[in-house]
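Asks: Please find one structure pasted underneath; my questions will follow.
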Amino acid sequence: MNNLWEATAAPPPESEPLAGSLSADVAVIGAGFTGCAAALRLAQASTDVCVIEAEDIGYGASGRNVGLVNAGLWVEPQMIEAELGQENGKRLNDMLIQAPDIVFDLIEKHSIPCEPIRTGTLYCAHARRGFRRLERRAAQLIAGGAPVKLLSPDEAREKTGSDALHGALLDPRAGTIQPLSYVRGLAKAASKAGAKLYTRSRVNALTHDGQQWRVATSQGSISAKSVIVATNAYTASLDSATMPSFVTIHYCQFATAPLGRDLAHTILPERQGAWDTAMVMSSFRMDNHDRLIVGGIGRLDGPSARAHAAWAGRKLKSLFPAVQAKHFEFGWSGRIAITADRLPKIARIGPGALMVHGYNGRGIGPGTIFGASLADYILSGDESVLPLPVLNRHSESFRLLKSCFYEVGATAVHLISDWGR
Ligand SMILES: Cc1cc2nc3c(=O)[nH]c(=O)nc-3n(C[C@H](O)[C@H](O)[C@H](O)COP(=O)(O)OP(=O)(O)OC[C@H]3O[C@@H](n4cnc5c(N)ncnc54)[C@H](O)[C@@H]3O)c2cc1C
C-alpha cells in the first residue's frame, strides 16, 4: 500500500541532482515545510539560496502527515511559559497562534492547490476522562482569548457523525490541507522567486573551513556562508556527533476508497480534521475525494505493520460502523522527532549554521514559521526574530530505547484493543 498524498498531490516543481562545485549565500538542507519556507523567504529577499534534498521534495514527514493545520503546539500555552519562562514562552505562543493564518495566507498568495479547508479541527474525547482534559485545555485557551468551543457528546456526534466520542474541542482557527501538495507549492513558490532546488542529492559532509561552509554530496558541493539544516526526524548521513539529537516515533495512516456521496456526507460533514485524547492517540479526516483516513501511532515498515493495519480497520468500524465493509486502498507511515519537554529546538551547529527540529508532531504551522524566521535571522542577524533562543547544543538521552518503547507500546495497545472486542 502507498501514500495517498503521493497519489493525489499536485506535481512538484522542476529540480535536478546537484552536480559540480557551486556557491551560494545560503544552503538549506532538507526540502520539507521548514526548508522550503526558509528558501521562499530568502529568495524573496533576493538572497542566493540553494535547497539540497536527499530524496524528493516532501519526502520526509511533510509529505506523510495528517494535514491538520493547528494553532500552537501540543503543549498547552501555560505549560510552555512555565517551561521556557514568561518572556520566551510568550514569544513562542504569540508566533504560533498565528500559524493557521500564515499557512492559509501563503496558500492563497501563491495559489497552492492543496485542498485547503478552514472549518476548524476537532480534538475529540475518547473517554469521559478525555473530556475532563479537554475542559482544562479549553479553559486555558479561552482565558488566552482563543475562540475555541467545547462540544458536548451530542454536539460532537453532529460534527463527526460518530457515536463513539465523549465530546470534543472545536478550534475554528484551524483547518486541513493536502500536505504534500502544500510543501510542493512552497518549493514551487521558492523556485519562482529564484531559489535553486537540488533533489536526489544527499548531503554526506558538512564542513567549515574557517570562512565558508562546504555542503557536499557524492556528485557535487556548495560553498555557502550560512546553512540551515532542516532535516528534522529524517536527518541522515550528517555527523551525529555535532547534530542535535531527538527521539523518533512513527505514525501511520490508512485511507479507504472514495465513499459514496451519501455516506461521505454523514462523516465530518463540515470536513474538520479530528484526533483524540487517547494515550496512544488516533486521528481521522476526509480528503477531497471522499476518502476516509484513519491514523495512529506505529510504523508500517517494521514487524508490527499487520497489527497496526488490523487495528485501523477496527478503529474505523468502531467510529463509523457504516464504513466497515470498505477496504483500505492506501497505507503509509512517517517519522516524528520528539523531545523530552515536547518543545522544538533551534541549535547552532557552527558559525552561521542552525538546525531546527522537534516539532513533536505539530509541524505544518511551526515548520512554516520556524523556516521563515530562520531566514529572517540569517538576513538580519537579529536573534529576537526567532521563535526560541538558540541553543549551543541539544541532546536527548536513551533515544533508541525510547523509540522502541513507543513502537512496542503502540503495538501492544493496538493488539489489546483487538482482544477487547
Ligand atoms: C505521520 C505524521 C503525521 C503528522 N501529522 C501532522 C499534522 O496533522 N499536523 C502537523 O502540524 N504536523 C504533523 N506532523 C508533523 C509534521 O509533518 C513535521 O513536523 C514536519 O513535516 C517537519 O517538517 P520539516 O521540514 O522540518 O522536516 P521533513 O518534512 O521531515 O523534511 C526533512 C527532509 O530532509 C531530508 N534530508 C534528511 N537528511 C538529508 C541529507 N543528509 N541531505 C539532504 N536532505 C536530507 C529528508 O529527505 C526530508 O525530505 C506529522 C508527522 C508525521 C510523520
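No value in this document is a laboratory result; all are computed from the given coordinates. Every value quoted in this text rests on a predicted model; they were computed, and no experiment measured them. Neighbour counts run over all protein chains shown; Cβ positions are idealised from the backbone, glycine included.
Asks: Counting DSSP beta bridges with both partners in the chain, what percentage is antiparallel, nearest 5?
Replies: Values: 45 of 71 bridges.
Given both bridge residues lie in the chain, the antiparallel proportion sits at roughly 65 percent.
Asks: Something else about it: Excluding TYR406 itself, what net charge comes from residues whose Cβ is under 12 Å from its Cβ, given Lys and Arg +1 and Asp and Glu -1? Don't skip to the end; give the middle numbers.
Replies: On the way: positive: ARG299, ARG335, ARG399, LYS402; negative: GLU407.
That sum, taken over residues with Cβ under 12 Å, equals +3.
Asks: Counting Lys +1, Arg +1, Asp -1, Glu -1, what net charge surrounds ARG118 among other residues with beta carbon under 13 Å of its beta carbon? Don't skip to the end; give the middle numbers.
Replies: On the way: positive: ARG173, ARG271; negative: ASP101, ASP105, GLU108, GLU115, ASP171, GLU270.
Around ARG118, the surrounding residues sum to -4.
Asks: While we're looking at this one, here's another question. With a sphere of radius 14 Å drawn around the Cβ of ALA375, what net charge do the other residues whose Cβ falls strictly inside it have (Lys, Arg +1; Asp, Glu -1)?
Replies: Combined, the nearby Lys, Arg, Asp and Glu give -3.
Asks: Same structure again: Given the DSSP H assignment, sum -39500 (n - 2.57) over each helix run of at least 4 residues in the chain and divide by its residue total; what's the result at 222 nm in deg cm²/dmol, nearest 500?
Replies: -10500 deg cm²/dmol
Asks: Tell me, what is the FRET efficiency for ASN2 and ASP105 to the nearest 0.05, using R0 = 30 angstrom and their Cβ-Cβ distance as r?
Replies: 0.45
Asks: Specify which residue in the list SER221, SER397, ALA195 is farthest towards the positive end of the charge dipole of the chain, using unit charges on the beta carbon of Lys, Arg (+1) and Asp, Glu (-1), about the Cα centre.
Replies: The residue sitting most towards the positive pole is SER397.
Asks: Related question: Relative to the Cα centre, what is the charge dipole magnitude of the stretch 47-107, using +1 at the beta carbon of each Lys and Arg, -1 at the beta carbon of each Asp and Glu, and rounding to the nearest 20 debye?
Replies: Working: 3 positive and 11 negative charges, 31 e Å.
Roughly 160 debye, rounded to the nearest 20.
Asks: While we're looking at this one, here's another question. About its Cα centre, how strong a charge dipole does the stretch 133-213 have in debye, to the nearest 20, once Lys and Arg get +1 and Asp and Glu get -1 at the Cβ?
Replies: Values: 13 positive and 7 negative charges, 102 e Å.
The calculated dipole for the stretch 133-213 is roughly 500 debye.
Asks: Let me ask something else. For the charge dipole of the stretch 59-170, defined by +1 on Lys and Arg C-beta atoms and -1 on Asp and Glu C-beta atoms about the Cα centroid, which residue among ILE102, PRO116, GLY63 has the Cα displaced farthest towards the positive pole?
Replies: Farthest towards the positive pole: GLY63.
Asks: OK, next. For the stretch 53-158, which semi-axes, largest first and in whole Å, follow from the square roots of 5 times the eigenvalues of its Cα gyration tensor?
Replies: Details: eigenvalues 143, 85, 43 Å².
Equivalent-ellipsoid dimensions as semi-axes: 27, 21, 15 Å.
Asks: Continuing with this model, one more query. Treating cross-link reach as a plain straight distance, find the aspartates and glutamates whose alpha-carbon is under 12 Å from the alpha-carbon of LYS225, omitting any fewer than eight places away in the same chain.
Replies: Candidates past the 8-residue exclusion: ASP25, ASP48, ASP209.
Asks: ASP154 to ALA257: extension gain in nm, 0.36 nm per residue of separation minus the Cα-Cα distance?
Replies: Values: separation 103, 0.36 × 103 = 37.08 nm, distance 2.82 nm.
Full-extension gain reported as 34.3 nm.
Asks: About the Cα centre, and with charges only on the beta carbon of Lys, Arg (+1) and Asp, Glu (-1), how big is the dipole of the stretch 90-242? Nearest 20 debye, please. Let's see the in-between values first.
Replies: Details: 22 positive and 13 negative charges, 53 e Å.
Here the stretch 90-242 has a charge dipole of around 260 debye.
Asks: Please name whichever of PRO147, VAL183, GLY260 sits farthest to the positive end of the charge dipole of the chain, dipole taken about the Cα centre and charges placed at Cβ: Lys and Arg +1, Asp and Glu -1.
Replies: So the residue we want is GLY260.
Asks: Beyond a 22 Å Cα-Cα separation, which of these cross-linked pairs lie in this structure: LYS159/LYS315; LYS159/LYS317; LYS109/LYS188; LYS90/LYS402? Numbers along the way, then the final one.
Replies: Numbers: LYS159/LYS315 18 Å; LYS159/LYS317 18 Å; LYS109/LYS188 13 Å; LYS90/LYS402 30 Å.
Result: LYS90/LYS402 exceed 22 Å.
Asks: Continuing with this model, one more query. What length, rounded to one decimal in nm, is gained on full extension from ARG129 through to ALA310, with 0.36 nm per residue of separation minus their alpha-carbon distance?
Replies: This chain segment gains 62.6 nm when fully extended.
Asks: Here's something else I'd like to know. Based on the mean of other Cβ atoms within 10 Å per residue, sort peptides 309-315, 7-13 so the most packed one is first. All intermediate terms of the calculation are to be shown ahead of the outcome.
Replies: Values: 309-315: 19.3, 7-13: 16.7.
Per-residue Cβ counts within 10 Å, averaged per peptide and sorted highest first, yield 309-315, 7-13.
Asks: How much FRET efficiency would the formula 1/(1 + (r/R0)^6) give for LYS192 and ALA412, where r is the Cβ-Cβ distance and R0 is 41 Å, rounded to 0.05? Let's see the in-between values first.
Replies: On the way: r = 48 Å, r/R0 = 1.17.
Efficiency at R0 = 41 Å is approximately 0.30.
Asks: I've got another one for you. Each label point is 7 Å from the Cα along the Cα-to-Cβ direction; what then is the distance between the points at GLN140 and ASP290, in nm?
Replies: Label-label distance for GLN140 and ASP290, simple model: 4.0 nm.
Asks: Something else about it: Mind giving me the FRET efficiency for GLU76 and VAL385? R0 is 22 Å, r the Cβ-Cβ distance, nearest 0.05 is fine.
Replies: Computed FRET efficiency for GLU76 and VAL385: 0.30.
Asks: Based on a Kirkwood Rh over C-alpha pairs, give the Stokes-Einstein translational diffusion coefficient of the chain at 25 °C and viscosity 0.890 mPa s in µm²/s.
Replies: Working: Rh = 21.8 Å.
For the chosen part, D equals 113 µm²/s.
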